[in-house]
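Here is the structure we will look at.
The values are calculated or read from the model by the stated rules, or taken from the named source; none is laboratory data. All values derive from a computational prediction rather than experimental measurement. Please note: Cβ atoms are built from the backbone with ideal geometry, for glycine as well, and neighbour counts cover all protein chains shown. Note: accessible area is taken over every heavy atom of the protein model, side chains too, but ligands, DNA and RNA are not part of it. Shrake-Rupley method; radii C 1.70, N 1.55, O 1.52, S 1.80 Å.
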Amino acid sequence: MDYWQGWLFMAVFVGASCAVTVYLAINDPELLERRMSAGPTAEKELTQKVVMLIAMTGFIALIVVPALDHRFGWSPAPPHVSLAGDVLIGFSFLLVFMVFKANTYAASTIQIAQGQQVISSGPYALVRHPMYAGSLPLLIGMPLALGSWLGLIVLLLFMPALIWRLLDEEKFLRKNLAGYADYCQKVRYRLLPYIW
């Protein structure tokens, strides 16, 4: 109970999640439905089932390891770092919300929906995978918000799985979504402008 960082993290994470969910329920219920089908069992390809299992395990570890770190005092971060982590989480939800506004086809699984077209406006004009880019502040912010430096190592350990997913998704889209290969020529950066 004596873990203000954990309580504040939960308030920010749950509050932002609920706000986005309510918005989608009112304004884009089809997108919300596509977002609800997630995880290893929702994926169709074996590769993506494995990637999502690793990613989900890593996501859970981003909460569990910092909580254990807090309990045993392995690598405590100062209060201002925890507050900065919560700001990163809120910023991440804002970025992801912008992606949802730009792309009603932003499903949780790798798929092509009927009528789906390549989106090249909004955040998609900057990077090809703005959902992943928007999730980075969340993944960095979680262990920091929970007061743990050690939690950042967890992120480094499962980051290769996220990159694997991104590259596999791009391969799928090039093959199955008309115009995606041309879009890749136009928007050069996958995740971070001027970096990758």
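When you scan the stretch 1-43, how many residues do you find that are among the polar types (S, T, N, Q) and modelled with pLDDT of 90 or more?
Of the stretch 1-43, the ones among the polar types (S, T, N, Q) are 5, 17, 21, 27, 37, 41.
Then keep just the ones that are modelled with pLDDT of 90 or more; that gives 5, 17, 21, 27.
Here the count works out to 4.
Scanning the stretch 1-19 for residues that are free of Cβ contacts under 8 Å to residues at least 24 places away in the same chain and in a loop (DSSP other than H, G, I, E, B), which turns out most open to solvent (accessible area, probe 1.4 Å)?
The selected residue is M1.
Answer yes or no: is there a residue in the stretch 110-125 that is assigned to a helix (DSSP H, G or I), touching a Lys or Arg at 6+ places or on another chain (Cβ under 8 Å) and without any contact (Cβ under 8 Å) to a residue 40 or more places away in the chain. Spell out the reasoning first.
First, the residues of the stretch 110-125 that are assigned to a helix (DSSP H, G or I): 122-125.
Going one step further and asking which of them are touching a Lys or Arg at 6+ places or on another chain (Cβ under 8 Å), we end up with 122.
Checking which are without any contact (Cβ under 8 Å) to a residue 40 or more places away in the chain leaves us with 122.
The answer is yes, given that some residue of the stretch 110-125 is assigned to a helix (DSSP H, G or I), touching a Lys or Arg at 6+ places or on another chain (Cβ under 8 Å) and without any contact (Cβ under 8 Å) to a residue 40 or more places away in the chain.
Got a number for residues in the stretch 137-155 being open to solvent by 30 Å² or more (accessible area, probe 1.4 Å) and either more than 25 Å from A67 (Cα to Cα) or within 12 Å of the chain's Cα centre (by Cα) (or both)?
To start, the set of residues in the stretch 137-155 that are open to solvent by 30 Å² or more (accessible area, probe 1.4 Å) comprises 140, 149-150, 152-153.
Imposing the further condition that a residue be either more than 25 Å from A67 (Cα to Cα) or within 12 Å of the chain's Cα centre (by Cα) (or both) reduces the set to 140.
Residues meeting the conditions: 1.
Checking P76 against (1) at pLDDT below 95; (2) under 22 Å from A161 (Cβ atoms), which single condition isn't satisfied?
Evaluating P76 over (1) at pLDDT below 95; (2) under 22 Å from A161 (Cβ atoms) leaves (2) as the failure.
Which one is surrounded by the fewest Cβ atoms within 10 Å (Cβ to Cβ), of the residues in the stretch 156-191 that are part of a loop (DSSP other than H, G, I, E, B) and of a type in the set (A, V, I, L, M, F, W, C)?
We begin by selecting, within the stretch 156-191, every residue part of a loop (DSSP other than H, G, I, E, B); these are 177-179, 187-191.
After this cut, where a residue has to be of a type in the set (A, V, I, L, M, F, W, C) as well, the list is 177-178, 187, 191.
Working: L177: 15, A178: 10, V187: 18, L191: 17.
Residue satisfying both the conditions and the ranking: A178.
Here is a check on your reading of the model: is T104 assigned to a loop (DSSP other than H, G, I, E, B) and open to solvent by less than 20 Å² (accessible area, probe 1.4 Å)?
Working: assigned to a loop (DSSP other than H, G, I, E, B): yes; open to solvent by less than 20 Å² (accessible area, probe 1.4 Å): no.
In short, no.
Listed here are the residues, each with its yes/no results for (1) in contact with a strand residue (DSSP E or B) (Cβ under 6 Å, 6 or more places away or on another chain); (2) open to solvent by 40 Å² or more (accessible area, probe 1.4 Å); (3) in a helix (DSSP H, G or I).
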site	(1), (2), (3)
T21	no, yes, yes
A25	no, yes, yes
L32	no, no, yes
A38	no, yes, no
K49	no, yes, yes
L62	no, no, yes
